[in-house]
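Readers should treat all values here as calculations from the given coordinates under stated rules, not as data from a laboratory. Since the structure is predicted, the reported quantities are computational estimates derived from the model, not experimental observations. Cβ atoms come from the backbone with ideal geometry, glycine included; neighbour counts cover every protein chain shown.
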Amino acid sequence: MTTGKQRVDGQPAFLLQAHPYRETSLVVDVFSRDFGRIGLVARGAKRPRSQLRGVLVEFQPLDLGWFGAGELRTLARAEWQRAWPMLSGPRLLLGYYLNELLQRLMVRDDAHPALFDLYAEAVQKLALAPAETVRHEALLRGFEKALLRELGYGLTLDHDANGDALDPQARYVYKPELGLLEGEGSGDDVSMTGAQALALHEDDYADAQVARLAKTLMRVLIAHYLQGQELRTRRVFIELQDL
Amino acid sequence: MNTGVLDELVSALRCLPSVGPKSAQRMAFHLLQRDRAGADRLARALGDALTRLHNCARCNTFTELEVCERCSSPRRDASQLCVVETPADMLMMEQTHSYSGLYFCLMGRIAPLEGVGPKELRLDRLLERAADPAVREVILATNFTNEGEATAHYLGEMLRARGLAVTRIARGLPVGGELEHTDIGTIAQALSERRPA
Ligand SMILES: [Zn+2]
């Protein structure tokens with residue numbers, strides 16, 4: 001989306017990350033519904049009495065207004081649309097992981113309203129759903145798959161790379177950019193049966209082996225598209241589990 | 001004119017938080033032109049601080065001693081250990097005059113997006129400190145930001161797993177606060193953390 005000098009108001013958005021900027025300001029990386037990921041300067045937001053301090057918070061549905069063009073626009077106003085409880089514990093770490101995926105895989109100024117809605121839904125679940133009803137793994141895999149699809153890296157899991165129907169009993173390997181190729185594969189290849197591929201296609205992670213497979217497949221694909229960049233939130237999450 | 005020394009001073013001043021190139025230049029000119037005595041004092045103070053101050057072996061804040069005065073004071077209650085993010089937070093706690101226990105200062109917080117985890121924070125030192133048999137309760141007083149909450153959660157898990165009683169400072173409406181003039185985030189959180197009356 002091209003952006004001339006413009007004024008935007010009433011835009012649903014989430015804060016992904018805030019950085020200190022100059023003496024008293026913040027630069028915020030936000031994911032907005034209709035303008036995608038953008039950078040905004042929040043003037044004076046670091047002053048002790050700034051009303052923005054308590055508003056610019058991750059994992060809360062925000063309503064933003066801004067003006068200007070280019071790399072850094074200027075935040076004009078920010079309010080909470082409503083107030084969700086803060087994320088806590090492992091859910092907070094999952095939230096940070098979603099933010100990092102968006103920051104590293106989604107370019108700036110590229111609108112993805114459907115992905116925005118999925119993100120909002122995922123964060124809302126992490127914030128509001130009772131602990132016992134949220135299956136973290138399924139939530140993550142669903143979001144990762146949707147993210148890749150929305151960014152144009154969609155997976156094809158219901159037929160093979162030649163467009164042929166899958167044989168549930170046969171073995172396949174998944175190759176990034178290509179899809180499923182029949183064969184045993186070797187070493188680092190992600191290999192699965194046709195039946196498992198179909199379960200992945202349906203987002204059906206009830207089978208523990210399929211759930212593990214989904215995790216491995218997503219890790220390999222995301223690493224492929226990250227081109228060697230480290231996912232900091234994943235490393236920190238693993239280190240925290242080991243405490 | 002060779003300005004290598006001046007450039008070095010300006011770029012050195014930029015290591016201060018929130019100091020950009022313009023402010024750094026203004027500071028450098030001010031020190032050199034208008035306040036050379038102040039500059040000399042600053043240089044000495046920095047040198048002294050760097051050579052004489054280090055982290056207290058008990059609370060991790062800065063001290064000239066091996067163990068700071070507060071940590072070695074017999075008047076402090078050694079059964080309570082309060083964990084804060086920064087020395088400034090510790091000073092605020094002290095200003096309340098309602099806490100007489102000891103402290104551990106993390107000098108930071110867990111910040112997943114910045115890659116700051118348990119290793120970068122050196123949480124092993126807190127574990128070692130909390131393992132002192134005199135400690136009966138660890139009070140988590142990290143900020144009520146998302147990062148402060150993540151820090152408190154994992155510290156809580158880690159310390160409880162080692163048999164310690166762990167508490168978290170409470171949050172809610174400010175003292176003297178009226179609902180009408182309170183932000184909705186605070187009200188929502190206070191509602192979700194309501195307690196029996
Ligand atoms: Zn001390």
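At-a-glance table
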| item | result |
| --- | --- |
| Average partner coverage of A:233-239, which counts Cβ from other chains inside 10 Å | 5 |
| Charge dipole (debye, nearest 20) of chain A; +1 at Cβ of Lys and Arg, -1 at Cβ of Asp and Glu | 1660 debye |
| Chain A shape via C-alpha gyration tensor axes, a/c threshold 1.5 | prolate |
| Helix-only [θ]222 nm of the protein assembly as shown, DSSP H runs n ≥ 4, -39500 (n - 2.57) each, per residue, nearest 500 | -11500 deg cm²/dmol |
| Unit charges on C-beta of K, R, D, E only; dipole of the range A:112-243, Debye | 480 debye |
| Calculated from backbone phi, Karplus (6.51, -1.76, 1.60) coupling profile of the range A:177-188 in Hz, x at Gly/Pro | 6, 9, x, 7, 10, 5, x, 7, x, 8, x, 7 |
| Under the Karplus curve 6.51 cos²θ - 1.76 cosθ + 1.60, θ = phi - 60°, whole-Hz ³J(HN,Hα) for the range B:85-102, x wherever Gly or Pro sits | 7, 9, x, 5, 5, 5, 5, 4, 4, 5, 5, 6, 6, 10, 10, 10, x, 9 |
| Inter-chain shielding of B:150-157 (mean C-beta neighbours from other protein chains, 10 Å cut-off) | 5 |
| Calculated from backbone phi, Karplus (6.51, -1.76, 1.60) coupling profile of the range B:153-170 in Hz, x at Gly/Pro | 4, 6, 4, x, 4, 5, 6, 4, 4, 9, x, 8, 7, 10, 10, 10, 4, 7 |
| Loop-located trypsin sites (Lys or Arg not before Pro) in the range B:34-82 whose Cβ has at most 10 other Cβ within 10 Å (DSSP) | B:Arg75 |
| Full-stretch length increase - B:Ser98, B:Ala45 - with 0.36 nm per residue and alpha-carbon distance subtracted | 15.8 nm |
| Euclidean distance between Cα centres, the range B:1-39 to the range A:178-194, Å | 60 Å |
| Interchain or long-range residues, amide H under 5 Å from A:Leu87's placed H | none |
| Sites excluded, GluC sites (Glu not before Pro) in DSSP loops with at most 16 other C-beta within 10 Å, longest stretch of chain B | B:67-177 |
| The range A:125-195: trypsin sites (Lys or Arg not before Pro) falling in loop per DSSP and having at most 16 other Cβ within 10 Å | A:Arg135 |
| Estimated dipole of the range B:1-144 in Debye, rounded to 20 [Cβ of Lys and Arg +1, of Asp and Glu -1, Cα centre] | 300 debye |
| Separation of alpha-carbon centers, the range A:57-132 and the range A:4-32, rounded to whole Å | 12 Å |
| Cβ-based net charge around A:Leu16, under 10 Å, with every Lys or Arg adding one and every Asp or Glu removing one | -2 |
| Full-extension gain in nm, A:Val220 to A:Asp164, via 0.36 nm per residue minus C-alpha separation | 17.8 nm |
| Gyration tensor verdict on the range B:1-76 (Cα atoms; rounded if a/c is under 1.5, prolate if a/b is larger than b/c, oblate otherwise) | prolate |
| At most 13 other Cβ within 10 Å, DSSP loop - GluC sites (Glu not before Pro), the range A:144-217 | A:Glu177, A:Glu184, A:Glu202 |
| Counting DSSP beta bridges with both ends in the protein assembly as shown, the antiparallel % (nearest 5) | 70 percent |
| Hits among lysines - C-alpha to C-alpha of A:Lys215 under 19 Å, sequence gap 8 or more where chains match | A:Lys145, A:Lys175 |
| Anisotropy class of the range B:76-168 from Cα gyration tensor, a/c 1.5 cut | oblate |
